[in-house]
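J.: Take this structure first; my questions come after.
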Amino acid sequence: MDKDLVPLADFAAQDEGFDCSSLPPEDDRPEWRLACPPHFLGKLKEQGPKFIQPPPVESGHRNNGHLPTRFGQLFPHPFKGLLHLSGVEKVALRQGQSHRPQPERPHLRKSGLGRGGVEHKERPVGGRHRRRKEPRVPRRLQKHHQPRPATLGHDGKGRLHRGELPQSPQKGALPTPLWPKHRKDRPHRPSPLPRRGGRLPRPPRPQKGPFPLPQGLQYSLLAVSIRKGHNPPSLVGRRSSRRGRFFWVCKLLTSPIPRLRNGSQTLKEGRSATVRILWIDIDTLRADHLGCYGYHRNTSPTIDWIAKEGVVFTNCFVSDAPCLPSRAALIMGRFGIHNGVVGHGGTAADPFPIGRDRPFASHPDFLFLFQVLKRMGYRTVSVSPFPERHAAWWFCGGLTEWFNPGKGGMEIADDVTPLAVKWLEENAEEENWLLHVNYWDPHTPYRTPLDFGNPFEGDPPPSWLTEEILQRHREGYGPYSARDVLTFAKMGDWPRLPKEIATLDDWKRWIDGYDTGIRYADEHVKRLLDVLDKKGVLYETVIIVSSDHGENQGELNIYGDHQTADLITCRVPFILRWPGMIEGGRVDKALHYQFDIFASILELLGAELPARWDARSFAKALKEGREEGREFLVLSQMAWSCQRAVRFENWLIIRTYHDGLKDLPPVMLFDVERDPHETQNLANERPEVVEKGLSLLERWHSE
């Protein structure tokens, strides 16, 4: 209620000449709005509230003849006389303005007189922007709205009386009570006790003395913000005065709140009081080149240790590839066709403009991942060159701190780790933070320092690439093929990167450079865990290991790049270690989008997912140790080629709309369980599977 308006019930309670015994009990009228300006109180004492029956309404009116009678015949026509009201009439107007239909008056659009009826929760004020009408209707009344009384009159003795309920347009009287029911946390109480000296009794004072505390708990302070007229029902039985609100704020600020010494007391099921999240984001990381995913080389001892204590998702895919579309979909929780970022250049690399939907404060029309966490009170920090490398400044939305190593994606781990280590040494013991650390070492041109050596010089490369396959690739063409110029190899002198792949020895040198970059990044991940261990919070920290996409190393005749919507590019590793929340040491084989896993993490943290996200949470199944994924996944690539793929059952079908100067057929079908490196196209042999896959793609387009 506006501060310059006095509740009629409060005025009546202070004036013995005004009998309010017929008013509904105070707890039965949580939104009683009969009020008037203070300078009208004298006139109100003389005349009392006056309510008269309204005139009949035309049958074609939008309110269908159900105008609230408390307006009365204050005006000869419902749309006249709104600007010439007496003080008593303003009392009626204050109660009825949110339910009486109003004319279109552009010059009054920002006042209470130019707003619509009760069915209009919002009103247009310009373009497509909408604003809530006033006075605000609380959510408990929005969800279970009850019609106002049909008659509310004056009995001649200064008292209000309730009349009959309005008749339903369908059948008979409404089977609903006159006043809305209370929420579960505000049980019904009897009417106030008889007045003493013209005043209603105050609520009982709280008991004196400190709250009892269990042994072994620390003291903590809790800062609370209580909105005016919105006191916590568990603390105050009815709406209190300003002094009452101030008392409860002081009480909460000075009361000890139990908190376990290790900072992980459970507030409610599925959420803890303190959550620390370390998100390790390694660019261009193939899942099948990690030891925990079955790779024969020892590329990831630290990540493998994390996997043993967490959950390994073997079928996690990015919805859009490569770098920029992938992270856009993840941070925005939406497919590229919905957020606008589908490529690396031009307008295809920009999110859809907000345009006419942009509100006054220029907030986005949907929340990003970091914004959700920030609104929950988390300190969100990123150490990454990604926003600068791809001009993706929206990535910083919701970040409280951003550390840019400053080399536009050409950093090595030695440039990134010191920034992350310094932050952890200063803040690791703090509560509720997320630190995103982005490594780029597995990305071409494989720039791991030479003094790190080659840990895999004596290890054989993967055996799937044979002389026959390599010769077939040499006969093909396209960017980053075995025969054509390798861009990064020609840009400078990169000892770990051969300038062409003519033999299997060239390919081994290529694979050694990639795997060495993974091992180098893994060594730096260990440095981060050492800091957490030194600070004593390693076993209280959620650790996430993920990537933005994979890297083709000969699959589909692409070497050292991510140009297709195939299994190798779109499948990414995802490892989640959450002590005390998720049982570790297990493998999840269900089909998941990467943003689905992050949505589940947010729900386990207690967040409410934005309504416009495409991401779906499976938090309950994740916590219970069950596998619950999607029926099929659609994967998109619009940067180097124009493709969409469908991953379902044990199949991957790729539909090529434009091959991007490569020799790719329009339809490819692979049995990825038997042929994970996509060497045998089965589209001609299995037309029924092709038909099913294309029907799933069409179904996805129509949703």
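The values are calculated or read from the model by the stated rules, or taken from the named source; none is laboratory data. Please read these numbers as outputs of a predicted model, since none were measured by experiment. Note that each Cβ is placed from the backbone with ideal geometry, even for glycine, and that neighbours are counted across all protein chains shown.
J.: Checking the structure you have, find out if any residue of region 595-603 is touching a residue at least 40 places away in the same chain (Cβ under 8 Å), part of a helix (DSSP H, G or I) and among the aromatic types (Phe, Trp, Tyr).
T.: yes
J.: Another question, if that's okay. Give the residue that is surrounded by the most Cβ atoms within 10 Å (Cβ to Cβ), with candidates limited to residues of region 594-611 that are closer than 21 Å to Val545 by Cα and of a type outside the set (A, V, I, L, M).
T.: Here the answer is Asp596.
J.: Select from region 555-572 the residues that are of a type in the set (D, E, K, R) and at pLDDT 95 or above and write down the one among them that is nearest to Arg655 (Cα to Cα).
T.: My answer is Asp566.
J.: Now, a different point. Taking the criterion of being outside any loop (DSSP other than H, G, I, E, B), under 30 Å from Arg474 (Cα atoms) and out of contact with any Phe, Trp or Tyr (no Cβ under 6 Å at 6 or more places or on another chain), would at least one residue in region 570-590 satisfy it?
T.: no
J.: Further question: Exactly one condition in (1) under 12 Å from Glu431 (Cβ atoms); (2) at pLDDT 50 or above; (3) in contact with a Leu (Cβ under 8 Å, 6 or more places away or on another chain); (4) not acidic (Asp, Glu) is not met by Leu278; state its number.
T.: (1)
J.: Restricting to region 418-436, count the residues that are closer than 12 Å to Arg527 by Cα and either under 25 Å from the mean Cα position of the chain (by Cα) or surrounded by 22 or more Cβ atoms within 10 Å (Cβ to Cβ) (or both).
T.: So the answer is 2.
J.: Looking at region 282-293, which of its residues are in a helix (DSSP H, G or I) and not acidic (Asp, Glu)?
T.: Ala287, His289, Gly291, Cys292, Tyr293
J.: Please identify the pairs in which a residue from region 511-524 that is basic (Lys, Arg) has its Cβ atom under 6 Å from the Cβ atom of a residue that is in a helix (DSSP H, G or I), counting only partners at least 6 apart or on another chain.
T.: As it stands, the answer is none, since no pair meets every condition given.
J.: Out of all the residues in region 496-530, which are under 35 Å from the mean Cα position of the chain (by Cα) and not in a helix (DSSP H, G or I)?
T.: Selection gives nothing.
J.: Residue by residue through region 612-645, note down the ones that are small (Gly, Ala, Ser), without any contact (Cβ under 8 Å) to a residue 40 or more places away in the chain and in a loop (DSSP other than H, G, I, E, B).
T.: The one that is small (Gly, Ala, Ser), without any contact (Cβ under 8 Å) to a residue 40 or more places away in the chain and in a loop (DSSP other than H, G, I, E, B): Ser617.
J.: Check Leu367 against each of (1) closer than 29 Å to Asp614 by Cβ; (2) part of a helix (DSSP H, G or I) and name the one condition it does not meet.
T.: (2)
J.: Please identify the pairs in which a residue from region 368-383 that is within 13 Å of Ile331 (Cβ to Cβ) and assigned by TED's automatic domain parsing to the domain that holds Phe595 has its Cβ atom under 6 Å from the Cβ atom of a residue that is of a type in the set (S, T, N, Q) and surrounded by fewer than 18 Cβ atoms within 10 Å (Cβ to Cβ), counting only partners at least 6 apart or on another chain.
T.: Thr380/Thr400
Each row is one residue, and each column tells you yes or no for (1) assigned to a helix (DSSP H, G or I); (2) in contact with a Pro (Cβ under 9 Å, 6 or more places away or on another chain).
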position: Phe395; (1), (2): yes, yes
position: Trp402; (1), (2): no, yes
position: Gly406; (1), (2): no, yes
position: Asp414; (1), (2): yes, yes
position: Thr417; (1), (2): yes, no
position: Glu425; (1), (2): yes, no
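J.: Based on what the data block shows, is Thr448 under 23 Å from the mean Cα position of the chain (by Cα) and in contact (Cβ under 8 Å) with a residue 24 or more places away in the chain?
T.: no
J.: Continuing with this model, one more query. Looking only at region 554-573, decide whether some residue is among the basic types (Lys, Arg), out of contact with any Asp or Glu (no Cβ under 7 Å at 6 or more places or on another chain), under 30 Å from Phe670 (Cβ atoms) and in contact (Cβ under 8 Å) with a residue 24 or more places away in the chain.
T.: yes
J.: In region 633-690, which residue that is of a type in the set (Ser, Thr, Tyr) and at pLDDT 95 or above is surrounded by the most Cβ atoms within 10 Å (Cβ to Cβ)?
T.: For region 633-690, the residue satisfying everything is Ser636.
J.: Checking the conditions here, which among Leu697, Leu682, Leu661 is of a type outside the set (Asp, Glu), out of contact with any helix residue (DSSP H, G or I) (no Cβ under 6 Å at 6 or more places or on another chain) and on the phi > 0 side of the Ramachandran plot?
T.: Within the list Leu697, Leu682, Leu661, the selection yields Leu661.
J.: Moving on to the next point. Go through region 294-326 and count every residue that is farther than 13 Å from Ser546 by Cα, part of a helix (DSSP H, G or I) and among the hydroxyl-bearing types (Ser, Thr, Tyr).
T.: Adding up the residues that qualify gives 1.
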